[in-house]
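Worksheet for the structure shown next.
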Amino acid sequence: ITQSTSNYNLVSNPFTAYLNLGDFFQDNATSNLLGQNSIWVWNATNATYDVKTSGNDGDYEIAHGQAFFVEAGTAANTDDNLTFDINDVSHQGTDTFQKSTGTKSSISISITDENSNTRMAKIYFNEEATKGFDNGYDGELFGGASHSFALFSELLEDNGKNYQVQTLPTSLKQSAIIPLGLIVDTDKEIKINAEIENLPLDTFVYLEDKEKGSFTLLNDNGSHNFTTEQALTGKGRFYIHTSAKVLSTVNETLESVNVYKLNNSTLSIKGLSQGKANIKLFNTFGKQLMNTSFYSNGLKHQIYLPQLATGIYVVQLQTEKRQLNKKVVLE
């Protein structure tokens, strides 16, 4: 492998059996041979490159003949050979070009356009990680090709690079604010959602949209939908928040709105301007229990609730531009 303009080199597993990614990085641990402990594998389903890192994907199996990119380090100019050790191969029961196992604490964020094109970014939590760059735990967005549609995050201690995979300390599972970056053309209908794995049950994951001044709860298939009025080219609009409590997100234009329990089966909404609105109901685990749209007459509106058990619930009121979260107690 050699350094060049981008330093990315295309290589492949030369064996007729699976090669473990963790073993591959151990075999190539020569200082500065690789620019980072990451590989980039083509994802045919999404037509993009997925990053795999030694720390998060050490159990990933590189299929026989599978090609992937590595980034050459400074030592590649003098010691330019990668090692593929026949002693590290294994035979798997299925023939797949993308195979991995293991369960870790993570948030997988995805963006999908109206043509069902999807891009993903992932946040892991690990006690060995820091807020800055951790080689083998943070994986950059592939830099060997241009992107017209992409999703990435910024390190909390930013180094100016874009990451498809970021790993944070476990202490931030319920207190992180993570900047997201999007590359999307103008006039595109975009849906943002998340899959949450192995986090505490009382963890709430929100997407903040600074342009709309809204917070959207992403737990249990929650999603944020918008149309790009101009092309998005980077960071500054969207943030992921993790919290152990329901966020209070009363916005300026909703300060006069009052959402309260009329009785255990009815909510009353006062002070909402005329126009379309949507109301959702969540339990304290983030599970969505109700989702209904209505047209406000500008006076008072009543919402009838499904039959619910005694407990604390979160009402999410969404207008075309603003959002309000309100906690209610059913007795």
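Worth a mention:
- Here the chain carries DSSP beta bridges of which approximately 95% are antiparallel, counting only pairs with both residues inside.
- Where labels lie 7 Å past Cα in the beta-carbon direction, separation of residue 244 and residue 47 in nm: 4.5
- Long-range amide H partners of residue 12 with built H, under 5 Å: 68
- Cα shape, the range 151-224, gyration tensor, a/c 1.5 rule: oblate
- The string of couplings for the range 210-216 from the Karplus curve (6.51, -1.76, 1.60, θ = phi - 60°) is 5, 5, 8, x, 10, 10, 10 Hz, one whole number per residue in order, with x for Gly and Pro.
- Placed amide H near residue 289: partners under 5 Å, 5+ positions off or other chain: 281, 282, 283
- The range 129-179: relative contact order as a whole-number percent, Cα under 8 Å and 6+ apart: 45
- Spin-label zone in the range 301-331 - amide nitrogen under 12 Å from a point set 7 Å from the Cα of residue 266 along the C-beta vector: 301-305
- For peptides 202-210, 257-265, sequence by mean Cβ density within 10 Å, most packed first: 202-210, 257-265
- Within the accessible area of the range 1-61 (1.4 Å probe), percent carbon and sulfur: 42
- Residue by residue, the range 11-23 carries 3J(HN,Hα) couplings of 10, 7, 6, x, 8, 9, 8, 6, 10, 6, 5, x, 5 Hz when phi is fed to the Karplus relation 6.51 cos²θ - 1.76 cosθ + 1.60 (θ = phi - 60°); x denotes Gly or Pro.
- Near-label residues of the range 24-38 by backbone N, under 18 Å of a point 7 Å along Cα→Cβ of residue 87: 24-30
- In order along the range 31-44, the phi-based Karplus estimate (6.51 cos²θ - 1.76 cosθ + 1.60, θ = phi - 60°) of 3J(HN,Hα) comes to 4, 6, 5, 9, x, 7, 7, 9, 10, 10, 10, 5, 9, 5 Hz; Gly and Pro are listed as x.
- For the chain, calculated [θ]222 nm from helices alone, where every DSSP H run of n ≥ 4 adds -39500 (n - 2.57): -500 deg cm²/dmol
The values are calculated or read from the model by the stated rules, or taken from the named source; none is laboratory data. What you are looking at is a predicted structure, and each value in this text was computed from that prediction instead of being measured. FYI the Cβ positions are ideal-geometry reconstructions off the backbone, even for glycines, and counts take in every protein chain you see. What goes into the accessible areas is simple: the full protein's heavy atoms, side chains included, and nothing from ligands, DNA or RNA. Shrake-Rupley method; radii C 1.70, N 1.55, O 1.52, S 1.80 Å.
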